[in-house]
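Input: a single structure, listed below in C-alpha cells.
The values are calculated or read from the model by the stated rules, or taken from the named source; none is laboratory data. Because the structure is a prediction, the values reported are computed rather than measured. Here the Cβ positions follow ideal geometry from the backbone for every residue, glycine too, while neighbour counts run over all protein chains shown.
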Amino acid sequence: MTQIQVLLIDDDDHMREATALALQLADFDVRALPSADEALHLVGFGFKGIVVSDIRMSGMDGLTLMNRIHDLDRDIPVILVTGHGDVQLAVRAMQEGAYDFVEKPFTNSHLADVVKWACDRRALVLENRLLRAAAGHPDDIEQRLIGRSPAMIALRDKIRAVGPTEADVLIMGETGTGKEVTARALHDMSPRADKPFIAINCAALPSMLIESELFGHEAGAFPGAMRARFGKFELARGGTILLDEIGAMPLEVQAKLLRVIQERATTRLGTNDSMPLNARFIATSKENLEDEVAAGRFRADLLYRLNVVTLRVPALSERREDIALLFLKLAQEAALRYRLDPVDVPAQITTAITDRDWPGNVRELRNAADRFGMGLGIGFDNAAPDAGSGLLADKMAAFERTTIANALVAHGGNLKSVYESLGLSRKALYLKIRRYGLDRREYSFDESDS
C-alpha cells in the first residue's frame, strides 16, 4: 500500500514535539509544523497523507484549515485535537467533514489508533484512484478540471504532457476560470508533488513589504527587522512556486524575480550571500502580458523567461456544453458539504444556466450551485433567454417559448388542443413547458388533460 505521511499542526511547541515523538515511536512518518499556513503549502489533491491539527491556534484555526484542505481534496482525512471545552466545536467539525476528533488529554495509544485508521482510509482512496485510472476511468485531472469540450480535453492533455517536466509555465485565463487549479494539477503530476506548493498572490502583497515577503531578510536589514526571516522563495525549495496574477508585480521587483528565475538562486535583504533555489515557477495572469509589455508595465525579458510553455484556461462562455455538467457536480458537492440531501436539477434550470453569461466563470457558477444545493434557488431569473440576445439559439428558444405561451392563451390552457395545433406529442409539449418555466396555473389548465 501507499506510504502515508502524518502532517501534524500545533502552535504549542512542547505539545507538537511530544505528539510528534509519540507518533514516530508508533512507526508513523510524521512532519510537524507550527502553523496552518505552512501546512496548506504541502497539501494538494494527490497528497499522500493525513492531517492532525489542533483546533485552537493563532492565525488560521484548525476548522478553517480543514475546510481549506477539503476544498483541495474532500478525501483527505483531517483529525482535530480539542481542549476540554471544545467538544461542541468538535461535533460541529464532524458535521462539516472532520474524520475524527481527539480530546485532550489523550493517551498516545488512542491517538495512534485513530491515526492508523485514517492512514488506512487514505491509502485505500489513493489505491482506488490508481486502479480507476489503470482501468480507463477518468483520472484525477478530469475530476478537478471537468468538461467534455474540445478546449478542456486539450488543456488536460497539455497538463499531462507538461506536468512531469521541469518547464516553467505561464497560465492565462479570465478571473475564476481555474488557473490555480491548473497550476496545482501541474505540481501534482510532477516529481515535486511531495514537496511544497507555494502560492503567492502578487496582487495582494503590500508594496512596501513585497521584497521582504518574497526574498526574506536578515536581522537589521531595515528598520523593524528585529530577526532574520525566511522568504516565500526559500520555503519552496524543492517544490513549486505559483506567482498568481504576476502582472500586478511592480517593475522593480520584476527585475529581481528575473534574476532568481535565471540563476535559480535567491538572496535575502541585508546580505549579498545567495542561496540555491531548486524550484519550478508557474505564473498566472488574467491580463494579456504582451499588451502589458507594450504598455511598459511588464518586462519583456521576464515574459519570455516565464512562457516556456503557455496554457490557456477557457472561459465558460467558450465551453457552454460543459456548464450543465459542471453545475450538477458543484450542486451535489454543495449538498454534501452542508449535510443536505442530494438535489435534483430540473431541465429548465440547466437550460437557464447554459444560456446565461458567467463573467465570473467557474467561481461564479460555484456560488450559484452552492445556493441551489442549499435550496435557495440559483439567485437569478431562470426564465427563457430574452429575444434581444444575439445568439441564434437564444432567439429560437425565445420564439418557441412565446409561440407555446400564445397557444396556451388561445386554447384557454387546454393541453390537447395546444399540442394538436402545434403538431407536437403530449410528452414533447410537457417537456417544453417545463424547460421554459411556463406556469400551468396562469392558463386555467384543465387537469383532465394532464
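Per this entry, Val125 is counted among residues that are within 30 Å of Thr82 (Cβ to Cβ), assigned to a helix (DSSP H, G or I) and of a type in the set (Val, Ile, Thr).
With respect to Phe215, determine if the residue is in contact with a helix residue (DSSP H, G or I) (Cβ under 7 Å, 6 or more places away or on another chain) and closer than 13 Å to His41 by Cβ. Here the answer is no, as Phe215 does not meet what is asked. Considering Ser212, Ser190, the condition of being in the same structural domain as Asp301 (by TED's automatic domain parsing), closer than 29 Å to Arg156 by Cβ, of a type in the set (Ser, Thr, Tyr) and surrounded by 16 or more Cβ atoms within 10 Å (Cβ to Cβ) is satisfied by Ser190 alone. Residues of the range 249-259 that are aliphatic (A, V, I, L, M) and either part of a strand (DSSP E or B) or surrounded by 18 or more Cβ atoms within 10 Å (Cβ to Cβ) (or both): Met249, Leu257. The set of residues in the range 302-314 that are at pLDDT below 95 and over 27 Å from His41 (Cβ atoms) contains only Tyr304. Of the residues in the range 291-303, at least one is touching a residue at least 24 places away in the same chain (Cβ under 8 Å), of a type outside the set (Phe, Trp, Tyr) and farther than 30 Å from Gly238 by Cβ.
Listed by first and then second residue, the pairs linking a residue in the range 216-241 that is polar (S, T, N, Q) to a residue that is surrounded by fewer than 15 Cβ atoms within 10 Å (Cβ to Cβ) and not in a loop (DSSP other than H, G, I, E, B), with Cβ atoms under 6 Å apart and 6 or more places separating them unless they lie on different chains, form an empty list. Within the set Gln348, Gln332, the sole residue that is outside the structural domain of Ser212 (by TED's automatic domain parsing), farther than 21 Å from Ile200 by Cα and touching a residue at least 60 places away in the same chain (Cβ under 8 Å) turns out to be Gln348.
Of the strands (runs of 3 or more DSSP E) lying entirely inside the range 1-90, those containing at least 3 residues that are closer than 30 Å to Glu142 by Cβ and in contact (Cβ under 8 Å) with a residue 12 or more places away in the chain are 5-9, 49-54. Which of the following residues is charged (D, E, K, R) and at pLDDT 90 or above: Arg31, Arg92? It is Arg31.
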